[in-house]
Each structure stands twice: as structure tokens, then as C-alpha cells.
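These notes are about the structure you will find just below.
Derivation of every value follows stated rules applied to the coordinates shown; laboratory data play no part. As the structure is a computational prediction, the values presented were derived from the model and not from experiment. Don't worry about glycine lacking a Cβ; one is built from the backbone with ideal geometry, like all the others, and counts go over all protein chains shown.
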Amino acid sequence: MSPFSIRLTFHGDLPFFLGSKASTVERQLSEKTSVKDVIEACGVPHTEVDLIIVNGVPVDFACVVDRESSIEVYPVGTRGITPFAENRLQLTEIRSFVADGHLGKLVRDLRLLGVDVVYDPAAEDRQLVTIASSENRALLTRDRRLLMHAIVRHGYYLRSQEPMEQTLEILHRFDLGSALAPFTRCLRCNTLLKPAKKAEVFDQLEPLTKIYYEQFRRCSGCGQVYWSGSHFAKLQKRIETIRSRLTGEDTT
Ligand SMILES: [Zn+2]
């Protein structure tokens with residue numbers, strides 16, 4: 001097969017992954033290659049790509065590029081301003097996640113908001129990828145190689161390194177704003193909390209808590225007991241901040 005050249009144009013914030021300010025990349029190929037591999041060779045994980053147009057025609061990741069082509073690549077954030085609404089490659093409404101081991105603070109925020117996130121700081125790459133695939137969870141990471149695994153169907157590369165910004169990124173990307181249920185999930189182990197009678201948790205309470213609080217929730221996974229003590233106000237403030245940032249940004 002004689003070599004042929006392709007030109008890829010990355011839209012939205014995808015040039016971020018290219019490591020340069022240019023949004024267009026020229027490539028020489030000498031064999032048939034899937035469009036997914038061509039795009040990932042440029043540094044862009046497939047989980048970030050929502051629409052691919054090859055020579056004017058929308059295609060999926062398996063499309064084979066075998067001749068001179070012009071390829072347009074769009075991220076999720078461009079819906080509404082680009083055509084081919086029925087040819088989107090990503091789901092936005094994912095409700096369960098697995099986070100890689102460096103994202104403890106993000107995970108705490110998300111669980112606080114009631115979002116289902118599997119997290120083990122000691123998990124290895126292979127485990128993360130397997131959980132994402134077998135449980136149909138979106139993989140959250142700052143390691144783009146992980147997102148390039150063929151078995152990872154859904155995922156997101158966090159742009160920011162700051163937990164609050166990361167939380168907002170996830171809420172936007174997966175449209176979670178209306179699905180939030182604060183204080184319903186264990187911050188330690190991700191299990192849903194259940195109301196517990198005071199007598200059931202009495203032995204686990206500090207002396208003052210026994211006196212001042214009447215309503216409790218308990219995690220059926222790890223046994224952690226929750227009540228609206230002094231830490232509660234702080235957590236509530238964090239939720240309010242996230243919610244107002246989310247709403248504020250939505251109206252812009
Ligand atoms: Zn728990």
C-alpha cells in the first residue's frame with residue numbers, strides 16, 4: 001500500500017491533548033488504520049471524542065482510514081452547535097464511576113453529593129480498567145493511557161488538578177446536576193446510607209453526641225454512623241458552594 005496523508009482537525013477543547021496550540025495535525029499512514037487508532041496516536045483518548053466526520057460523513061471508532069482523508073473530531077461539549085446529533089459516540093448520562101488512585105478528594109466530593117464512585121487508592125491500572133468495563137462505569141483519571149484501553153467504553157480525563165474544579169467538570173460532563181442526592185452515600189466506602197435508630201448506634205457515639213442528636217444514618221457496608229454534627233455544617237457549605245458554582249456556570 002502506498003503511503004497516504006490525512007489531516008485531522010480537533011475542535012472544542014481537544015487541542016489541549018495535542019500538546020500544541022495548533023488544532024490541526026497532518027499524518028502519514030502506510031497501512032489501513034482505524035480512525036480510533038489514528039486519533040489516539042495524536043494523544044486524544046477515544047473517551048473524549050463524541051463525533052468524528054471523515055470526508056464529510058459521520059463515522060464510528062471502527063471506521064477504517066485507507067486513503068487520503070480529512071477528519072474532523074469533536075468533543076462532547078460541542079453538542080447543540082454541531083450537526084449529526086444521532087451520530088454521537090459518547091453517553092452523557094452516566095451515573096456510576098470508578099476513579100483512579102490519585103483522586104481521593106474528588107471522590108469525597110462526589111460521594112458527598114450522592115454520586116456512585118468506586119475508589120481504592122491501591123487499585124492497579126488493570127483493576128481500574130476491568131471495573132470500568134465489567135460494571136459499565138465511567139473511568140475518571142488524569143492518566144490518558146488508561147482511557148486509551150480498548151475495553152474502556154466511558155471515561156473522562158480531568159483537566160484540572162484542583163478537587164472543586166474537578167467536581168464541577170464531572171457534574172457538567174455527565175450532566176449530573178439534577179441527579180444529586182447529598183448525604184445519602186457513605187464517604188468512606190460508597191454504600192448507600194440507611195436511617196438508624198439511636199438505640200442501634202448508641203454504642204458507637206461519643207458522650208455529647210448521645211445527648212444532643214436524635215437522627216442518625218448508618219452505612220450498611222462499613223458500619224460508619226453519620227449525624228448532623230459539627231462537621232455537617234462544613235460539608236453542607238461545600239455542597240452549597242458546588243451547587244451555586246454549577247448553577248452560575250450553567251446560566252452563562
Ligand atoms: Zn461505608
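Please go through segment 117-139 and pick out each residue that is buried (at least 16 other Cβ atoms within 10 Å of the Cβ) and either under 19 Å from T191 (Cβ atoms) or in contact with a Cys (Cβ under 8 Å, 6 or more places away or on another chain) (or both).
V117, V118, Y119, A123, I131, R137
Since V25 meets every condition but one in (1) over 22 Å from I81 (Cα atoms); (2) crowded, with 17+ Cβ neighbours inside 10 Å; (3) touching a residue at least 24 places away in the same chain (Cβ under 8 Å), which condition does it not meet?
(3)
May I ask you to say which residue of R217, R144 is out of contact with any helix residue (DSSP H, G or I) (no Cβ under 6 Å at 6 or more places or on another chain), within 30 Å of D13 (Cα to Cα) and surrounded by 14 or more Cβ atoms within 10 Å (Cβ to Cβ)?
After ruling out the rest, the residue left standing is R144.
What about R27, is it charged (D, E, K, R), touching a helix residue (DSSP H, G or I) at 6+ places or on another chain (Cβ under 7 Å) and over 23 Å from A138 (Cβ atoms)?
Spelling it out, R27 is indeed charged (D, E, K, R), touching a helix residue (DSSP H, G or I) at 6+ places or on another chain (Cβ under 7 Å) and over 23 Å from A138 (Cβ atoms).
Which residues, taken from segment 187-209, are more than 29 Å from the chain's Cα centre (by Cα) and touching a residue at least 12 places away in the same chain (Cβ under 8 Å)?
The answer is P195, A196, K197, K198, E200, V201, Q204, L205, T209.
Could you pull out the residue among V118, V107 that is within 25 Å of F17 (Cα to Cα), outside any loop (DSSP other than H, G, I, E, B), of a type in the set (A, V, I, L, M) and in contact with a strand residue (DSSP E or B) (Cβ under 9 Å, 6 or more places away or on another chain)?
V107
Somewhere in segment 91-103, is a residue in a strand (DSSP E or B), more than 17 Å from the chain's Cα centre (by Cα) and surrounded by 15 or more Cβ atoms within 10 Å (Cβ to Cβ)?
no
Take segment 64-90 and flag every residue that is surrounded by 14 or more Cβ atoms within 10 Å (Cβ to Cβ), assigned to a loop (DSSP other than H, G, I, E, B) and in contact (Cβ under 8 Å) with a residue 60 or more places away in the chain.
Q90 - this is the single residue of segment 64-90 that is surrounded by 14 or more Cβ atoms within 10 Å (Cβ to Cβ), assigned to a loop (DSSP other than H, G, I, E, B) and in contact (Cβ under 8 Å) with a residue 60 or more places away in the chain.
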